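The values are calculated or read from the model by the stated rules, or taken from the named source; none is laboratory data. All of these numbers come straight from a predicted model, not from anything done at the bench. All Cβ positions, glycine included, derive from the backbone under ideal geometry; neighbour counts span all protein chains shown.
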Amino acid sequence: MLEIRRLRLLRELKIRGTLAAVATALNQSPSSISQQLSQLEREVGVELLRKAGRRVHLTQQAEILVEHTSAVLERLELAESELGASLGTATGILRLAVFQSAALAIMPDALTLLAAEHPQLQVHMTQREPETALYETWARDFDLVIAEQYPGHAAPRHPELDRIHLTGDAIALAVTPGSAIRTLADAADTAWVMEPRGAASRHWAEQACRQAGFEPDVRFETADLQAHIRLIESGNAVALLPNLVWTGRDCTVTLRELPGSPQRTIFTSARRGTARSPALLACRDALQRTAALIG
């Protein structure tokens, strides 16, 4: 019988690419990881890893084992989820990844609900960019992710993850109060603040500007939307901001509606094997109720 813990190490190596990354993720030493994978090779009687410089590559036989290991782990998670569902109590630790505006607008009230209704459940929240967080949830670093999708853009898909709609979020052009800018085209000669390259919001904002007939002059880059607001308030930039950033606070800039009234979609994703666990169901319920009040 193959040892599931060693098989999981092989899958982790497939996901993370290096022994050092696997060791960091699992809080073990690289030498321990290497020894266990060598033991797995002896157990199966075939070569599983081949060295290529400082990295190792999985053989065809290793890829076969990884595919079956993923299926086994999913079934085990499903068994744990159904066992927990039979007890009906949300307990333990739930690891949640969330992007900044959702962390500020949705999470405080959702956490208050959970604390009142499920006191034995602990939510450990980490801020992550949605694209990264979806991958890390698939890799089992997180149990649940709050992610976003911009109009005309598809968020990354991972076969083991489900997707449940949470809310829509309107996007508007934000300008300094008193500004003469009325339309997106009017902002062609203005300094812009945007999120760093690689973020879906950045790509969408650049495309919106190009469709309006200009290349934006992006002088400021930051993932912190509170910094975006301060730069707009002070007259140093304009930006495309989601409505969620104003939850719980007064709008201190002037918002101009965009053609077509675009919205980003906010959703939650979890591994299908864990979807019925009381902890996940409780957290998603609190998020849905909070988002409904905001919307």
Given the conditions (1) surrounded by 15 or more Cβ atoms within 10 Å (Cβ to Cβ); (2) under 30 Å from PRO159 (Cβ atoms); (3) of a type outside the set (Phe, Trp, Tyr), report the number of the one that ARG197 does not fulfil. (1)
What about SER179, is it polar (S, T, N, Q) and within 21 Å of GLN263 (Cβ to Cβ)? no
Out of the residues in the range 210-269 meeting the condition of being part of a strand (DSSP E or B) and among the β-branched types (Val, Ile, Thr), tell me which one is surrounded by the most Cβ atoms within 10 Å (Cβ to Cβ). VAL238
In the range 95-108, is there at least one residue being touching a Lys or Arg at 6+ places or on another chain (Cβ under 6 Å) and assigned to a helix (DSSP H, G or I)? no
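So that you can scan it fast, the table gives a plain yes or no per residue for (1) touching a Leu at 6+ places or on another chain (Cβ under 9 Å); (2) of a type in the set (Val, Ile, Thr):
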position	(1), (2)
LEU48	yes, no
VAL72	yes, yes
LEU87	no, no
ALA116	no, no
PRO119	no, no
Working only within the range 205-241, note down all residues that are at positive phi and among the β-branched types (Val, Ile, Thr). none
Consider GLU215 carefully, then state whether it is assigned by TED's automatic domain parsing to the domain that holds THR265 and free of Cβ contacts under 8 Å to residues at least 12 places away in the same chain. yes
Might you check whether a residue that is more than 29 Å from THR290 (Cα to Cα) and either assigned by TED's automatic domain parsing to the domain that holds LEU94 or among the hydrophobic types (A, V, I, L, M, F, W, C) (or both) occurs anywhere in the range 244-258? no
The number of residues in the range 69-116 that are without any contact (Cβ under 8 Å) to a residue 60 or more places away in the chain and among the polar types (S, T, N, Q) is 2
Within the range 101-160, can you find the residues that are acidic (Asp, Glu) and out of contact with any strand residue (DSSP E or B) (no Cβ under 7 Å at 6 or more places or on another chain)? ASP109, GLU117, GLU129, GLU131, ASP141
When restricted to SER261, SER234, the only residue more than 20 Å from the chain's Cα centre (by Cα), in the same structural domain as GLN122 (by TED's automatic domain parsing), in contact (Cβ under 8 Å) with a residue 24 or more places away in the chain and within 20 Å of THR183 (Cβ to Cβ) is SER261
Of all the residues that make up the range 7-34, how many are loosely packed, with under 12 Cβ neighbours inside 10 Å and in a helix (DSSP H, G or I)? 1
Mind listing whichever residues of the range 141-193 are more than 15 Å from the chain's Cα centre (by Cα), in a strand (DSSP E or B) and of a type outside the set (D, E, K, R)? THR167, GLY168, ALA170, ILE171, ALA172, LEU173, ALA174, VAL175, ALA191, TRP192, VAL193
Considering the range 270-295 alone, what residues qualify as being outside any helix (DSSP H, G or I) and either among the basic types (Lys, Arg) or at pLDDT below 90 (or both)? ARG271, ALA275, ARG276, GLY295
Number of the exception - GLU63 against (1) over 27 Å from LEU10 (Cβ atoms); (2) outside any strand (DSSP E or B); (3) touching a residue at least 40 places away in the same chain (Cβ under 8 Å): (1)
